[in-house]
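The values are calculated or read from the model by the stated rules, or taken from the named source; none is laboratory data. Predicted model only: the values in this text are computed from it and were never measured. Note that each Cβ is placed from the backbone with ideal geometry, even for glycine, and that neighbours are counted across all protein chains shown.
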Amino acid sequence: MNCPLLTATLAALLSGATAVLPCAALADTLVDNVNGISVDRQGKVTRFTGMVIGDDGSVAQLLSRRDRRPERVDFREDGRGRIVVPGMIDAHLHVMGLGLAQLSLDLSDTTSLEQAQAKLAAYAAAFPDRPWLVGRGWNQEKWGLGRYPTAAEMDAAVGDRPVWMMRVDGHAGWASSAALAAAGITAATPDPAGGRIERLAGSRAPAGVLVDAATALVEAQVPPPRPQDRDLALHEAQALLIRHGVTAVADMGTSTDDWMTYRRAGDSGHLRIRIMAYAASVPEMLLIGGTGPTPWLYDDRLRLNGLKLYLDGALGSRGALLKAPYADAPGQSGLALTDGTQLRNLMSRAAMDGFQTAIHAIGDAANREALDAIDELSKDFSGDRRWRIEHAQVVDPADLARFGRHGVVASMQPLHQTSDRVMAEARLGPDRLAGAYAWEAMLEAGAPLAFGSDAPVEPADPFAGMAAAISREDAAGQPFGGWQPQQRVSREQALAAYTAGAAWAGFAEGRFGQLEEGLRADFVVIDRDPLLASPEDLRGIRVLQTWIGGQKVFEAARDTTGSARESAGR
């Protein structure tokens, strides 16, 4: 059995690793002696002990303990009694952002400004020939800074080159003085619509941080990734996702360059995960899709579903659009990145050709605007639209029931709640938290629930997300008993939101998302039962194998004690 040859670069990256490259599928594979679990969208559990995979990479038969096993198969895999669950689906992330983050400076582990400055200085010394230094991950809240960092503080670490670091949420950027100069940003530069240039106290001079639409002023000057950089970034993103048991994703904000990167990988046989893409703009949507969503390509590995729109920014950078001012910044209520008229026009343009719309809305005012627009457009565009609201982090309790009115998909990210809890309390105050990160309320309203990570904002770890969803506690078990514990969901509901629910949200039901006859054989072998595990055990789940389309694409290495360890793709 011969696999397509990797390019020399990717082959070198994989040398010594335990990643398994997908080869031509074997006919009639039997995966036996497993403790198999699948769930439907409502969380109904199906258990099985064996699975027959046909030569098309789909499940041909699920077997119970009493069923006779086929006598003739081309390949047998002994599961040794281990747990098998459907391949996990991340309903909201940024594939190229995740991949490029692996190739640039990551400040997400820093806990102080001084640590960040030290990492910046070391990175600059390691790459003296790079004309720009770029990266992401800083968080002034995590640093306990009580304010944004400044260009002067960036210059203290790297004074000889432009530096541009995106905030952890992707909605603000930190620039050095050289980067501000390259972008022509001065005291006379006005704030762009939907953006804000932070100013030094008592003056109009730019302080060094730009929020939401203002980030484009610097980004326009940063040298863009080359095609080979993008190919490498996709390789890195896929390796990371597969190690975490993620077999399919919804890619939010797909550019034409991103799409062509995915097509290159698909054409060469290197596209392993399944990507449900949402274009970054109407022009890109039309350029990629033309008159409607694309067909499923590469054996259900790639499809353009529709359009991603932004209504507001994020809580951390005070860009989320709120009905009342921020409790910790009384003069600010957030930033409207798209007004109501623009939103309806863009949604209508997408709906005319059957494209699905996914609307980024974090603040309560943004969520109300999105729901108002969906109410209006549902009168003109009937049928199965599956309108999506991405994040839905802060919703007025009076608006929660409206998610169920038109079956609006609540595409939410459990780890945001544990990361944002303290910051959300400061931003909103105690009286405005009832509709924050309200997963159970969404289910009670009848809203389809789909879970993701927003990677690279949060780690692309679905089992850590499940732990947060069932406990409302962070990795340290705080706060004890859970934050707003009435919004916890069951283990079955959490697993459904990461599998069947996420597939349905992307019009992929009937193709993947569950383990049942006729669907793609995407599954993960793990070391414990997620429906019985404690939150702590969920966070510790080890992915032992990942299969996509009936082909094993990852197997964990084993150390001398026989325990699995992750090593592929590093």
Within segment 340-347, identify whether any single residue is of a type outside the set (A, V, I, L, M, F, W, C), touching a Gly at 6+ places or on another chain (Cβ under 9 Å) and either loosely packed, with under 15 Cβ neighbours inside 10 Å or modelled with pLDDT of 95 or more (or both), and answer yes or no.
no
Test of understanding: among Phe451, Phe463, which residue is in contact with a Phe, Trp or Tyr (Cβ under 8 Å, 6 or more places away or on another chain) and aromatic (Phe, Trp, Tyr)?
Phe451
Breaking point among (1) in contact with an Asp or Glu (Cβ under 6 Å, 6 or more places away or on another chain); (2) within 30 Å of Arg136 (Cα to Cα), for Gly477:
(1)
Restricting the first residue to segment 533-545 and requiring it to be surrounded by 15 or more Cβ atoms within 10 Å (Cβ to Cβ), which pairs with a second residue that is of a type in the set (Ser, Thr, Tyr) meet a Cβ separation below 6 Å and a spacing of at least six or different chains?
Pro535/Ser471
Mind checking whether some residue in segment 168-180 is farther than 18 Å from Gly319 by Cα and surrounded by fewer than 22 Cβ atoms within 10 Å (Cβ to Cβ)?
yes
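Residue-wise test of (1) closer than 25 Å to Gly170 by Cβ; (2) out of contact with any Phe, Trp or Tyr (no Cβ under 6 Å at 6 or more places or on another chain); (3) touching a residue at least 12 places away in the same chain (Cβ under 8 Å).
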| site | (1), (2), (3) |
| --- | --- |
| Asp251 | yes, yes, yes |
| Ser255 | yes, yes, yes |
| Ser268 | no, yes, yes |
| Ala279 | yes, yes, yes |
| Leu297 | no, yes, yes |
| Arg301 | no, yes, yes |
| Pro330 | no, yes, no |
| Ser348 | no, yes, yes |
Every residue in segment 141-171 that is within 28 Å of the chain's Cα centre (by Cα) and touching a residue at least 40 places away in the same chain (Cβ under 8 Å), please.
Glu141, Tyr148, Pro149, Val163, Trp164, Met165, Met166, Arg167, Val168, Asp169, Gly170, His171
Test Asp160 against the criterion of being at pLDDT 95 or above and more than 18 Å from Arg301 (Cβ to Cβ), and give yes or no.
no
Can you pull out the residues in segment 466-495 that are in contact with a Leu (Cβ under 8 Å, 6 or more places away or on another chain) and either charged (D, E, K, R) or farther than 18 Å from Arg528 by Cα (or both)?
Gln484, Val489, Arg491, Glu492
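Filtering segment 348-375 down to residues that are among the polar types (S, T, N, Q) and under 17 Å from Leu307 (Cβ atoms), which residue is surrounded by the most Cβ atoms within 10 Å (Cβ to Cβ)?
Step one: list which residues in segment 348-375 are among the polar types (S, T, N, Q), which gives 348, 356-357, 367.
Within this subset, residues satisfying the condition of being under 17 Å from Leu307 (Cβ atoms) are 348, 356-357.
Working: Ser348: 15, Gln356: 23, Thr357: 28.
Per the stated criteria, the residue is Thr357.
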Quick check: anything in segment 239-251 among the polar types (S, T, N, Q) and farther than 25 Å from Trp547 by Cβ?
no
Qualifying position, being of a type in the set (Val, Ile, Thr), at pLDDT below 95 and surrounded by 14 or more Cβ atoms within 10 Å (Cβ to Cβ), among Val73, Val85, Val95
Val73
Is it the case that segment 390-408 has a residue that's out of contact with any Gly (no Cβ under 6 Å at 6 or more places or on another chain), β-branched (Val, Ile, Thr) and not in a loop (DSSP other than H, G, I, E, B)?
no
Collect the residues in segment 118-139 that are crowded, with 18+ Cβ neighbours inside 10 Å and in a helix (DSSP H, G or I), keeping them in residue-number order.
Lys119, Leu120, Tyr123, Ala124
Candidates Gly202, Gly208 - the one that is assigned to a loop (DSSP other than H, G, I, E, B) and on the phi > 0 side of the Ramachandran plot
Gly202
Within segment 436-457, the residues that are part of a loop (DSSP other than H, G, I, E, B) and within 21 Å of Ala398 (Cα to Cα) are Tyr437, Ala438, Gly446, Ala447, Pro448
Matching residues in segment 70-112 - criterion: being more than 30 Å from Ala60 (Cβ to Cβ) and either part of a strand (DSSP E or B) or among the polar types (S, T, N, Q) (or both):
His92, Leu93, Gln102, Ser104, Leu105, Asp106, Ser108, Thr110, Thr111, Ser112
Out of all the residues in segment 67-94, which are closer than 20 Å to Val524 by Cα, touching a Ser or Thr at 6+ places or on another chain (Cβ under 8 Å) and of a type in the set (Val, Ile, Thr)?
Val85, Ile89
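Looking at Ala327, Ala320, Ala351, can you tell me which residue is of a type in the set (A, V, I, L, M), over 20 Å from the mean Cα position of the chain (by Cα), farther than 25 Å from Asp384 by Cα and at pLDDT 95 or above?
After applying the criteria, what remains is Ala327.
Could you check segment 257-266 and list, in sequence order, the residues that are out of contact with any Phe, Trp or Tyr (no Cβ under 6 Å at 6 or more places or on another chain) and either buried (at least 16 other Cβ atoms within 10 Å of the Cβ) or not basic (Lys, Arg) (or both)? Working first, answer last.
First, the residues of segment 257-266 that are out of contact with any Phe, Trp or Tyr (no Cβ under 6 Å at 6 or more places or on another chain): 257-265.
Residues satisfying the conditions are Asp257, Asp258, Trp259, Met260, Thr261, Tyr262, Ala265.
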Given (1) at pLDDT 95 or above; (2) over 18 Å from Gln238 (Cα atoms); (3) out of contact with any strand residue (DSSP E or B) (no Cβ under 8 Å at 6 or more places or on another chain), Ser563 misses just (1)
Residue in segment 47-55 that is part of a strand (DSSP E or B), among the polar types (S, T, N, Q), at pLDDT 95 or above and more than 19 Å from Thr499 (Cα to Cα) present:
yes
Boolean, Ala460 is touching a helix residue (DSSP H, G or I) at 6+ places or on another chain (Cβ under 7 Å), in a loop (DSSP other than H, G, I, E, B) and surrounded by 24 or more Cβ atoms within 10 Å (Cβ to Cβ)
yes
All but one of (1) touching a residue at least 24 places away in the same chain (Cβ under 8 Å); (2) of a type outside the set (Gly, Ala, Ser); (3) farther than 20 Å from Gln413 by Cβ hold for Thr499; which doesn't?
(3)
Quickly run through segment 172-212 and pick out the residues that are among the polar types (S, T, N, Q) and more than 30 Å from the chain's Cα centre (by Cα).
Ser177, Thr186, Thr189, Ser203
Return yes when Val489 is farther than 13 Å from Gln413 by Cβ and not in a helix (DSSP H, G or I) and no when it is not.
yes
